[in-house]
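Colleague: Take a look at the following structure, please.
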Amino acid sequence: MNFKNSEKLYKKGLINLVGAVNSPVRAFSSVGGNPLFIKKAKGSKIIDVDGNEYLDLVLSYGPMIIGHRHKKVQKGVAKALKNGYSFGASTENEIRLAKMVCDAFPEMDKVRFVNSGTEAVISGVRLARAFTGKDKIIKFSGCYHGHQDSLLVAAGSGLATLSIPGSKGVPEEAVKNTLIAEYNNLESIKKHFHEHSDIAAVIIEPICGNMGVVIPQHNFLKELKDFLKIKGALLIADEVMTGFRSKFGGAQEVLGVTADITCLGKVIGGGFPVGAYGARNEIMEQVAPLGGMYQAGTLSGNPIAMAGGIATLTELKKQNPYHKFEKIGNEIETILLETAHKYKVDLSVNRFGSMLNPFFTKAKVTNFEQAQTSDTDKFAVFFWEMIRNGVFLPPSQFEAWFLSSAISARDIKKLTIAVDKAMKAVSKM
Ligand SMILES: *Cc1c(COP(=O)(O)O)cnc(C)c1O
């Protein structure tokens, strides 16, 4: 396997792009070497510019849940392209996608479409403040909620991978209303409420995927919701990653907990730029033009992106692959653990349905501090051996791997062989 064309493009890319990437998580800083440049993808596979073919477990960091270039999505998008790209006025498809989303999340009466997960969360947080008239927001260490100033503290994967504690360029003023709590620790929430009276909301990834996969333990989420209800503060579920992935109705459907405000992204656009935030009528009526909270977007509800989202969600609902995800996810988890055992490598695997990842540590990982006990040098060796054996993973210990419904028994076979070689390489370090 060679990477000559990727190397060439990387050098060329460095001239006019920052680090040759448009999102830092795509850089290979923590695993070494150059980022791969992709030529195309189909189904469960992705092909780089040197013609190397990989089983894709990145899936654009989640959106490609039914695999790349699904026929139905291509057809839906092609049809929309014929009518125009953007109008600055409403289209019927926006109503169709809105109904699909509100049906999937029963707590949501209304939804507003935006263009990314970051935008969805910016707006969701503004809405919580508008509705409660309070300013403070609690976030959990290790959770990522997009790159808005006020939430770029203790923000998980991207920053952790690059060993950046917080972002430069964020004024102290911008984070003075942000409080940090520990995932899976209700006491750390209670403490803040004891000390502050002006807390609008707690924002959480109901299943966290941005410090690696971390799962709420016991009844953590339910207890959190009950506590917030008593305190009159809102729960914002950042389901940008888990929405339509954990289940069609997101992590909330699986865990049986409903949030006051839900933020969506990734799968909802099926690879096109779509984000959304929604809530019950009483809350959404704060948003302009119905209410005094301003939020707007020239390309929001873009007709091509709406068509991509509708086709993806329609096909996803029809396939209902969640049982398959559970089965295959469990299979991969077992392969990782058994191979680690065979080569005497310390490994702990977290998984929730189609999101999983191994941590190179003995510790059971239930929060960011434990995730950080992972041996990232081991991950780097593992990562490159997986690449050489045809499996494309996110280039970071702190990112989740994703499954698509296009994954086949042959793909799993390929993965099994790759994991064996990679774990063996790690054991020789
Ligand atoms: C990816 C992600 C975001 C940001 O979405 P973008 O589309 O990258 O702006 C926000 N929250 C969570 C939980 C995410 O996984």
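Colleague: Taking the range 261-320, which residues are aliphatic (A, V, I, L, M) and part of a loop (DSSP other than H, G, I, E, B)?
Modeller: First pass over the range 261-320, keeping only residues aliphatic (A, V, I, L, M): 261, 264, 267-268, 274, 276, 279, 283-284, 287-288, 290, 293, 296, 299, 304-307, 310-311, 313, 316.
Passing the criteria: VAL274, ALA288, LEU290, ALA296, LEU299.
Condition check ((1) buried (at least 20 other Cβ atoms within 10 Å of the Cβ); (2) more than 16 Å from the ligand (Cβ to nearest atom); (3) closer than 25 Å to ALA181 by Cβ) across all residues:
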position	(1), (2), (3)
ILE207	yes, no, yes
VAL214	yes, no, yes
ASN219	no, yes, yes
LYS229	no, yes, yes
PHE244	yes, no, no
PHE248	no, yes, no
VAL274	yes, no, no
ASN281	no, yes, no
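Colleague: Okay, moving on. State whether one or more residues within the range 179-186 are within 11 Å of the ligand (Cβ to nearest atom) and at pLDDT below 95. Please lay out each step first, then the result.
Modeller: Let us first name the residues in the range 179-186 that are within 11 Å of the ligand (Cβ to nearest atom), namely none.
Taking every residue of the range 179-186 in turn, none turns out to be within 11 Å of the ligand (Cβ to nearest atom) and at pLDDT below 95.
Colleague: Of the residues that sit in the range 348-366 and are buried (at least 22 other Cβ atoms within 10 Å of the Cβ) and of a type in the set (A, V, I, L, M), which one is nearest to VAL240 (Cα to Cα)?
Modeller: MET355
Colleague: Please count how many residues of the range 203-234 are part of a loop (DSSP other than H, G, I, E, B) and either in contact with a helix residue (DSSP H, G or I) (Cβ under 9 Å, 6 or more places away or on another chain) or of a type outside the set (Val, Ile, Thr) (or both).
Modeller: Within the range 203-234, residues that are part of a loop (DSSP other than H, G, I, E, B) and either in contact with a helix residue (DSSP H, G or I) (Cβ under 9 Å, 6 or more places away or on another chain) or of a type outside the set (Val, Ile, Thr) (or both) number 11.
Colleague: Got a sec? Which of ILE407, ILE335 is outside any helix (DSSP H, G or I), aliphatic (A, V, I, L, M) and in contact (Cβ under 8 Å) with a residue 40 or more places away in the chain?
Modeller: ILE407
Colleague: Also, quick follow-up: If you go through the range 261-280 one residue at a time, do you hit one that is without any contact (Cβ under 8 Å) to a residue 60 or more places away in the chain and assigned by TED's automatic domain parsing to the domain that holds GLY117?
Modeller: No, the range 261-280 has no match at all.
Colleague: Report whether or not ASP109 is out of contact with any strand residue (DSSP E or B) (no Cβ under 8 Å at 6 or more places or on another chain) and either within 11 Å of the ligand (Cβ to nearest atom) or not basic (Lys, Arg) (or both).
Modeller: Taking the combined requirement at face value, the residue does not satisfy it.
Colleague: Looking for whichever is within 15 Å of the ligand (Cβ to nearest atom), part of a strand (DSSP E or B) and aliphatic (A, V, I, L, M) here; the options are ALA200, ALA237. Which one fits?
Modeller: ALA237 is the lone residue from the list that is within 15 Å of the ligand (Cβ to nearest atom), part of a strand (DSSP E or B) and aliphatic (A, V, I, L, M).
Colleague: With respect to the numbered conditions (1) surrounded by fewer than 24 Cβ atoms within 10 Å (Cβ to Cβ); (2) in contact with a strand residue (DSSP E or B) (Cβ under 7 Å, 6 or more places away or on another chain); (3) closer than 19 Å to THR132 by Cα, which one is the sole condition not fulfilled by TYR294?
Modeller: (2)
Colleague: While we're on this one: Select from the range 172-205 the residues that are crowded, with 18+ Cβ neighbours inside 10 Å and hydroxyl-bearing (Ser, Thr, Tyr) and list them in ascending order.
Modeller: Passing the criteria: THR178, TYR183.
Colleague: Exactly one of (1) modelled with pLDDT of 95 or more; (2) small (Gly, Ala, Ser); (3) more than 16 Å from the ligand (Cβ to nearest atom) is unmet by ALA174. Its number?
Modeller: (1)
Colleague: Another question, if that's okay. Looking at the range 1-45 only, could you name the residues that are among the β-branched types (Val, Ile, Thr) and within 21 Å of LEU59 (Cα to Cα)?
Modeller: VAL21, VAL25, VAL31, ILE38
Colleague: Look at ALA120 and say whether it is in contact (Cβ under 8 Å) with a residue 60 or more places away in the chain, of a type outside the set (D, E, K, R), within 16 Å of the ligand (Cβ to nearest atom) and closer than 12 Å to GLY278 by Cα.
Modeller: Against the criterion (in contact (Cβ under 8 Å) with a residue 60 or more places away in the chain, of a type outside the set (D, E, K, R), within 16 Å of the ligand (Cβ to nearest atom) and closer than 12 Å to GLY278 by Cα), ALA120 qualifies.
Colleague: Hey, can you tell me all the residues within the range 362-378 that are assigned to a helix (DSSP H, G or I) and either under 20 Å from the mean Cα position of the chain (by Cα) or farther than 20 Å from HIS341 by Cα (or both)?
Modeller: Within the range 362-378, PHE368, GLU369, GLN370, ALA371 meet the criteria.
Colleague: In the range 348-361, what residues are in a loop (DSSP other than H, G, I, E, B) and within 19 Å of ILE328 (Cα to Cα)?
Modeller: Once the filter is applied, which keeps residues that are in a loop (DSSP other than H, G, I, E, B) and within 19 Å of ILE328 (Cα to Cα), the range 348-361 yields GLY353, SER354.
Colleague: Would you check if GLN252 is part of a helix (DSSP H, G or I) and touching a residue at least 40 places away in the same chain (Cβ under 8 Å)?
Modeller: Yes: the conditions hold for GLN252.
Colleague: In this structure, is GLY158 at pLDDT below 95, within 14 Å of the ligand (Cβ to nearest atom) and crowded, with 18+ Cβ neighbours inside 10 Å?
Modeller: Against the criterion (at pLDDT below 95, within 14 Å of the ligand (Cβ to nearest atom) and crowded, with 18+ Cβ neighbours inside 10 Å), GLY158 qualifies.
The values are calculated or read from the model by the stated rules, or taken from the named source; none is laboratory data. Computed from a predicted structure; not experimentally measured. No Cβ is skipped: glycine too gets one built from the backbone with ideal geometry, and neighbour counts run over all protein chains shown.
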